[in-house]
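To start, the structure under review is shown below, and the notes come after it.
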Amino acid sequence: MPETFPPSPEFAAQAVAGAALYDEAATDREAFWARQARELLSWDQDFHQTLDWSDAPFAEWFVGGRLNVSYNCVDRHVLAGRGDKVAIHFVGEPGDRRDITYAELQREVSKAANALTSLGIRKGDRVAIYLPMIPEAVITMLACARLGAPHSVVFGGFSADALRSRIEDAQASLVVTADGGYRRSTASLLKPAVDAAVSGDSPVSKVLVVRRTKSDVAWDDSRDVWWHDVVDGASDQHTPEAHDSEHPLFILYTSGTTGKPKGIFHTTGGYLTQTAYTHKAVFDLHADTDVYWCTADVGWITGHSYIVYGPLANGATQVIYEGTPDSPHRGRWWDIIAEYGVTIFYTAPTAIRTCMKWGDDIPAAADLSSLRVLGSVGEPINPEAWRWYHRVVGGGRCPIVDTWWQTETGAIMISPLPGVTATKPGSAQVPLPGINVAVVDDEAKPLGNGESGLLVVTEPWPSMLRGIWGDPERYRETYWSRFEGLYFAGDGAKKDEDGDLWLLGRVDDVMNVSGHRLSTAEIESALVSHPSVAEAAVVGATDETTGQAVCAFVILRGTATETADSVTELRNHVAKEIGPIAKPRQIMIVAELPKTRSGKIMRRLLRDIAENREVGDTSTLADTNVMNLIRTGLTTSS
Ligand code: WTA
């Protein structure tokens, strides 16, 4: 029986969420969501139907409703007299600081919206954003939302090639970038990657550049414009227009089981309803007093939903930090918490495990007594890391919310509710009120307590993806074809004896490295695009710190010979094709790959090798001797 941590009576007494939410949602799910939409958001025009599922799996939520996301995240807080409240405490890695109130944010977003308009952006146009974690990233996203121009944020760690393919897929006509950003005390350049990504034939006609690091960058007068030239001088007045509840808000690319990243797209009313609701209920947000901090990057869905849209829709005060936790020293995060009196802290298990490795004395040196709620996201949190987070960071008093969700789900789906749920280390536990999930077997039969199977969502939810940009068939095929009428999440899950859910990781060829989703197929195709590689197979091997690590098995072409240099070159090649986050931890040069008679690579066996295990059942291999060959080859070459 795992130990549980019931909420303290004091916490429960002040909690935003109560057990009644579960009953309300179970009685009438749609009425529950309609109430959230109307209470949490301001609509220019009310909706007349909560959900239209008649064209499933294509959902429409809050049909007929009209609203502006940027108005909801900014202007209405100012109009309500909270213009002087800080929206963002920005902390740059070199130590620069900037506090932005809601009134200032309104002016900045208005200026950016006017500047984007002057650069030719109209409702429906796509804008690519390739920025470091600086306020301009948030301002640009909100300016796009204001105009109804869907943004496509590309994480700054992605390569020029990855940026180019995302720009082309979305047919973005403008890129917003910076000269560079700060990583570990050095300026790391971004603009050169944009220059390469938009060179030659490109849908991009303008590149808007924020000056952050003052680095020397190449300049094309016909295409490049400085942010300070066009935004700073623009009018700070801008009247937001209401958009349809189903108007596309953004596209965000994520790795799937094939080589080509999928452009997941989200729309307006449903997305904002569920991000606002979950941000409030799951983090127990008291907007007047809390200081919230989510350490994600806006390049990922966590940054979209829990740095930009959820917190700002709720009028929260938050910290945004540009850099890494160990710059200039390993106590940087804890110092920031102490300095701003952060009360709600949301991070990833991989970061928690890293801090745990650095030692208890580092967080112990800072005053963390302001903290009251801790969150975890991105991968399963192992009970040991959970306990450390609870004890060392949370001083034993803070509820931990282990939040399961995906780029596709848009917002949190499974999580304890602080003040309500007795938490259990390692388990995400229960679907939120309004969310219905099941664990099923291969035939879609729902499983009971004590059983493991596949996680599905059984009813549509407001912030669900509306599709894959430009490819409705792939949307249907990827998420809705495995089981009739059920959303297949791609994750395995177990229901324990209490019916609580434990997430077991991906069941497809998607890896999770430090909470980042990477596709085995995408890295394989990057490897085989190198002239010396004949064939490649990639697996995610268990890693103590990063959750999984990328391990590649490569067959070189006849003429190529293995050297330490070739392994380094291949790792760099992957970084160039996709980005440094996709660099394999290990590349093993082999003579053969294990394949079934139908030619499918048996990754399971390669994983056994990568994780230093006894190799499992090889009876379905076309050539059962292959595994011996691989093993022997590896021992002699290392
Ligand atoms: C994994 C991140 C266990 C899961 C928000 C999912 C988790 C994938 C958890 C989505 C969690 C996310 N426990 N696993 N609390 N949160 N995952 O799209 O495998 O980057 O399918 O969204 O991360 O990753 P994505």
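The values are calculated or read from the model by the stated rules, or taken from the named source; none is laboratory data. Computed from a predicted structure; not experimentally measured. Note that we place each Cβ from the backbone using ideal geometry, even for glycine, and neighbour counts take in every protein chain shown. Please note that ligands, DNA and RNA were not included when accessible areas were found on the heavy atoms of the full protein model with its side chains. Shrake-Rupley method; radii C 1.70, N 1.55, O 1.52, S 1.80 Å.
Each residue in segment 165-198 was checked for being within 20 Å of the chain's Cα centre (by Cα) and open to solvent by 20 Å² or more (accessible area, probe 1.4 Å), and 3 of them qualify.
Checking each residue of segment 492-508 against the condition of being over 24 Å from A351 (Cα atoms) and in a strand (DSSP E or B) gives at least one match. Of the residues making up segment 597-610, one or more are outside any helix (DSSP H, G or I), of a type outside the set (V, I, T) and either touching a Phe, Trp or Tyr at 6+ places or on another chain (Cβ under 7 Å) or modelled with pLDDT of 85 or more (or both).
For R353, the conditions (1) outside any helix (DSSP H, G or I); (2) within 16 Å of the ligand (Cβ to nearest atom); (3) out of contact with any Leu (no Cβ under 7 Å at 6 or more places or on another chain) all hold with the exception of (1). Just give me the residues in segment 487-511 being within 16 Å of the ligand (Cβ to nearest atom) and either open to solvent by 30 Å² or more (accessible area, probe 1.4 Å) or of a type in the set (S, T, Y) (or both), in sequence order. Residues satisfying the conditions are Y487, K494, K495, W502, L504, R506, V507, D508, D509. Please work out if G303 is modelled with pLDDT of 95 or more, open to solvent by less than 10 Å² (accessible area, probe 1.4 Å) and under 19 Å from E379 (Cβ atoms). Criteria met by G303.
Using the structure shown, decide if D326 is assigned to a loop (DSSP other than H, G, I, E, B), open to solvent by 10 Å² or more (accessible area, probe 1.4 Å) and not aliphatic (A, V, I, L, M). Answer is yes for this residue. On inspection, G378 qualifies as closer than 25 Å to T278 by Cβ and at pLDDT below 95. Of the residues making up segment 374-396, those that are of a type in the set (V, I, T) and within 15 Å of the ligand (Cβ to nearest atom) number 2.
Screening segment 50-114 for strands (runs of 3 or more DSSP E) wholly inside it with 3 or more residues that are buried (at least 17 other Cβ atoms within 10 Å of the Cβ) returns the ranges 58-63, 86-91.
The condition (being among the small types (G, A, S), open to solvent by 10 Å² or more (accessible area, probe 1.4 Å) and under 13 Å from the mean Cα position of the chain (by Cα)) is satisfied by just one residue among A287, A296: A296. Only one entry in A541, A549 is open to solvent by less than 10 Å² (accessible area, probe 1.4 Å), closer than 16 Å to A575 by Cβ and more than 14 Å from the ligand (Cβ to nearest atom), namely A549.
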